[in-house]
Amino acid sequence: MSTPASRAPLRLGLAGLGTVGIGVVKIVQEHADLIAARAGRPVVITAVSARDRTKNRDADLSGYAWETDPVALAHREDVDVFIEVMGGHEGAARDATEAAIATGKDVVSANKALLAHHGQALALAAEAAGRVIRFEAAVAGGIPVIKALTEGLAGNKMRRVMGVMNGSCNYILTRMQSENLPYEAVFEEARQLGYLEADPNLDVGGIDAGHKLALLASIAFGTKVSFGAVELEGIGSVSIDDIRLAEDMGYRIKLLGVAQMTGRGLEQRMTPCLVPSASPLGQLQGGTNMVVLEGDSVGQIVLRGPGAGMGPTASAVMGDVIDLARGTRLPTFGQPAATLAEPMAAKSATPASYYLRMTLLDKPGALAKIATCLGEAGVSIDQMRQYGHEGANAPVLIVTHKASRDDIDHAIGRFAATGVLVGAPVALRIEEV
């Protein structure tokens, strides 16, 4: 039986020396013997790529060849596995990944945007070349959710995938709730702490989390990645009033991703939702992520852990690297890319209860007119509360019985004609978890 030292090393080319890239360097350097024992062979970095070689990165990079162009790194003959942790769905990241596949290298990526936009084409190219793309680090940081879907739950017909997949948004919402602070104040605090992307809308607009949901949906339901079909709504419109009122009704607000296959097609939505305060999702605090997987045989599985950061994300990268070192080779999205179905998009087809918050003129019959609009749209009321008056106005909160989003939108469209509505109403889905 061969020992790890007797087998040829697996040689890594690392493109990107930011937080995650340096995390990978540190794991390879600090755990070399442990990795070799678990992988059955040594794993070494032979070359790296970044634009600025003079930058202090708090790691010893002197033993590695250096390429300023990641495409040149992808072409090196002393690289077996190309690790892409640069980010971005076009330009250097895409070019280098395509070059790596074309030159016969396996790819490990932390780039959810690249795969959400180009995953099908990249998977087809990799499988045609006999190569593998692994991307555990692209979804939910250190949580092994890709491995759970492609391996542990492979015998299940998946019913639903949902979760909190952006730690920055969860930090903002839970801090608003715990400290009774408005969105604008916590957003600025998160920005100052470095919790937000250079373009904050990637986080608070739901785009980053939407990329992750699209990837999970592809694996769970055997469909081509369809990020363009994800319903996206960020957290910018969630007010401190919504946080308080939802809590008063026994709920908390989360930016929640949900994907499920229905009779009308594949639903994918990344939107603010209400979840029960006592549920695992409702109890989730700070920057932690949580993914809930529901299969027909296993039932519900809850995975919770750090969704970003140097250690957790680099840990996920190295999990994929070690699988490749062991000889584990799976199709990119759990089944051959050519067999993935073209999904039919279904927009919020599954009925749900909704939280409606509005302000009405304080005059007789105002509430009755709103109730009439709901009834005429086929929406029945489960709970209704009227809060203290604000001058001549009266804040009202309604929780509906299950209804389609189309019926809710139809009712809201009729509210304006009543003449009793002050400002725009807020409508948030209540998700059963």
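The values are calculated or read from the model by the stated rules, or taken from the named source; none is laboratory data. Bear in mind that the values here come from a model prediction, so they are computed numbers and not experimental data. When we count neighbours, we look across all protein chains shown, and the Cβ atoms used for this are built from the backbone with ideal geometry, even at glycine. The protein model used for the area step is the full one, side chains on, heavy atoms only, and it has no ligands, DNA or RNA in it. Shrake-Rupley method; radii C 1.70, N 1.55, O 1.52, S 1.80 Å.
Would you call Val292 closer than 30 Å to Ile398 by Cα and either within 24 Å of the chain's Cα centre (by Cα) or at pLDDT 95 or above (or both)? Spelling it out, Val292 is indeed closer than 30 Å to Ile398 by Cα and either within 24 Å of the chain's Cα centre (by Cα) or at pLDDT 95 or above (or both). All of (1) touching an Asp or Glu at 6+ places or on another chain (Cβ under 7 Å); (2) under 30 Å from Ala126 (Cα atoms) hold for Val379 with one exception: (2). The residues of the range 402-418 that are touching a strand residue (DSSP E or B) at 6+ places or on another chain (Cβ under 7 Å) and open to solvent by 80 Å² or more (accessible area, probe 1.4 Å) amount to a single one, Lys402. Screening the range 1-109 for strands (runs of 3 or more DSSP E) wholly inside it with 3 or more residues that are open to solvent by less than 40 Å² (accessible area, probe 1.4 Å) and of a type in the set (D, E, K, R) returns no ranges. When the range 407-430 is filtered for residues that are free of Cβ contacts under 8 Å to residues at least 40 places away in the same chain and over 22 Å from Gly365 (Cβ atoms), the ones remaining, listed by number, are Asp407, Asp409. Checking each residue in the range 229-278 for being surrounded by fewer than 20 Cβ atoms within 10 Å (Cβ to Cβ), part of a loop (DSSP other than H, G, I, E, B) and aliphatic (A, V, I, L, M) picks out Met249, Ala278.
Quickly run through the range 223-257 and pick out the residues that are touching a helix residue (DSSP H, G or I) at 6+ places or on another chain (Cβ under 8 Å) and closer than 22 Å to Val433 by Cβ. Correct list: Val230, Leu232, Gly234, Ile235, Val238, Ile243, Glu247, Arg252, Ile253, Lys254, Leu255, Gly257. Selection of the range 331-370 for residues being among the β-branched types (Val, Ile, Thr) and farther than 30 Å from Ile219 by Cα yields Thr359, Ile370.
Within the range 279-297, which residues are out of contact with any Lys or Arg (no Cβ under 7 Å at 6 or more places or on another chain), over 22 Å from Ile253 (Cβ atoms) and open to solvent by less than 60 Å² (accessible area, probe 1.4 Å)? Once the filter is applied, which keeps residues that are out of contact with any Lys or Arg (no Cβ under 7 Å at 6 or more places or on another chain), over 22 Å from Ile253 (Cβ atoms) and open to solvent by less than 60 Å² (accessible area, probe 1.4 Å), the range 279-297 yields only Leu293.
To keep it simple, each residue is scored yes or no on (1) open to solvent by 10 Å² or more (accessible area, probe 1.4 Å); (2) modelled with pLDDT of 95 or more.
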{"position": "Asp320", "(1), (2)": "no, yes"}
{"position": "Arg326", "(1), (2)": "yes, yes"}
{"position": "Phe333", "(1), (2)": "no, yes"}
{"position": "Pro336", "(1), (2)": "yes, yes"}
{"position": "Lys347", "(1), (2)": "yes, no"}
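Yes or no, residue by residue, for (1) of a type in the set (Asp, Glu); (2) on the phi > 0 side of the Ramachandran plot; (3) at pLDDT 95 or above; (4) under 23 Å from the mean Cα position of the chain (by Cα):
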site: Tyr64; (1), (2), (3), (4): no, no, yes, no
site: Val71; (1), (2), (3), (4): no, no, yes, no
site: Asp78; (1), (2), (3), (4): yes, no, yes, no
site: Phe82; (1), (2), (3), (4): no, no, yes, no
site: Val107; (1), (2), (3), (4): no, no, yes, yes
site: His118; (1), (2), (3), (4): no, no, yes, yes
site: Ala121; (1), (2), (3), (4): no, no, yes, yes
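Checking each residue in the range 354-384 for being in contact (Cβ under 8 Å) with a residue 24 or more places away in the chain, surrounded by fewer than 18 Cβ atoms within 10 Å (Cβ to Cβ) and under 16 Å from Lys402 (Cβ atoms) picks out Gly378, Asp382, Gln383.
Pairs linking a residue in the range 7-20 that is at positive phi to a residue that is in a loop (DSSP other than H, G, I, E, B) and open to solvent by 30 Å² or more (accessible area, probe 1.4 Å), with Cβ atoms under 9 Å and 6 or more positions apart or on different chains, are Gly16/Met86; Gly16/Gly87. Scanning the range 153-195 for residues that are charged (D, E, K, R) and either assigned to a helix (DSSP H, G or I) or open to solvent by 40 Å² or more (accessible area, probe 1.4 Å) (or both) turns up Lys157, Arg159, Arg175, Glu179, Glu184, Glu188, Glu189, Arg191. In the list Gly311, Gly319, Gly307, Gly334, which residue meets the criterion of being in contact (Cβ under 8 Å) with a residue 40 or more places away in the chain and touching a strand residue (DSSP E or B) at 6+ places or on another chain (Cβ under 6 Å)? Just one listed residue meets the conditions, Gly307.
Filtering the range 308-329 to residues that are part of a loop (DSSP other than H, G, I, E, B) and touching a helix residue (DSSP H, G or I) at 6+ places or on another chain (Cβ under 6 Å) leaves only Ala308.
List the number of the failed condition for Gly305; all other conditions in (1) closer than 29 Å to His31 by Cα; (2) open to solvent by 20 Å² or more (accessible area, probe 1.4 Å); (3) modelled with pLDDT under 95; (4) not in a helix (DSSP H, G or I) hold. Every condition holds for Gly305 apart from (2).
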